[in-house]
Amino acid sequence: MSSINFLPKVSYQTLHHATGGFSPSNQIGSGGFGSVYKGILNQEENNVVAIKVLNLQQKGASKRFVVECNALRNIRHRNLVKILTCCSCTDYNGNDFKALVF
Ligand SMILES: Nc1ncnc2c1ncn2[C@@H]1O[C@H](COP(=O)(O)OP(=O)(O)OP(=O)(O)O)[C@@H](O)[C@H]1O
């Protein structure tokens, strides 16, 4: 997916670890295209992030992933979160997995 090449990437394993295996207790919200989890990316630095996992069963979710990456990297506004990294890979079951990290 060349259109998101500008963003640093994070692995599925790292996000899985950061969210306690996408534990329901770490879920902080859900939207039209997926669920949002609280995650700690770097345990030592207590680097708390929000991880939006796209529900790829939802029609248009893959497109939404790219659109959101592109929109948020180009916009700077105090009311908008900055996108830090993203993940476009497969999960432990070999299923496509896409997530945005804020
Ligand atoms: N960076 C964040 N920090 C804290 N909570 C967040 C963050 N991003 C999303 N959330 C929570 O997750 C919910 C879902 O967010 P998400 O961006 O998936 O969908 P939405 O913008 O509410 O709706 P849609 O998917 O239709 O655009 C939000 O309403 C909010 O409660």
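Observations on the model:
- Using C-alpha pairs below 8 Å separated by at least 6 residues, the relative contact order for the chain is 27 percent.
- For region 3-101, the residue among VAL10, ASN42, LEU100 whose Cα projects farthest onto the positive side of the dipole built from Cβ charges is LEU100.
- Neighbour count of at most 11 Cβ within 10 Å plus DSSP loop: longest trypsin sites (Lys or Arg not before Pro)-free window in the chain: 1-58
- Among ILE51, ILE75, ILE40, residue whose mean-square fluctuation peaks in a GNM of the chain (springs only between Cα atoms under 10 Å): ILE75
- Helical runs (DSSP H, four residues minimum) scored at -39500 (n - 2.57) apiece and divided by the length of the chain put the mean residue ellipticity at 222 nm at -6000 deg cm²/dmol.
- Highest-fluctuation residue, ASN47, ASN70, ASN79 considered, GNM on the chain with Cα pairs under 10 Å: ASN79
- Cα coordinate range in the chain, projected on the principal axes (Å, largest first): 33, 30, 24
- ALA71 versus SER25: modelled label distance in nm, points set 7 Å from Cα along the beta carbon direction: 3.4
- Dipole moment magnitude, nearest 20 debye, the chain about Cα centre, only Lys, Arg, Asp, Glu C-beta charged: 460
Only the coordinates and a few stated rules stand behind these numbers; no lab work does. Here the structure is a predicted model, which is why all the values come from computation and not from measurement. Ideal geometry is used to build each Cβ from the backbone, glycine not excepted, and the neighbour counts take in all protein chains shown.
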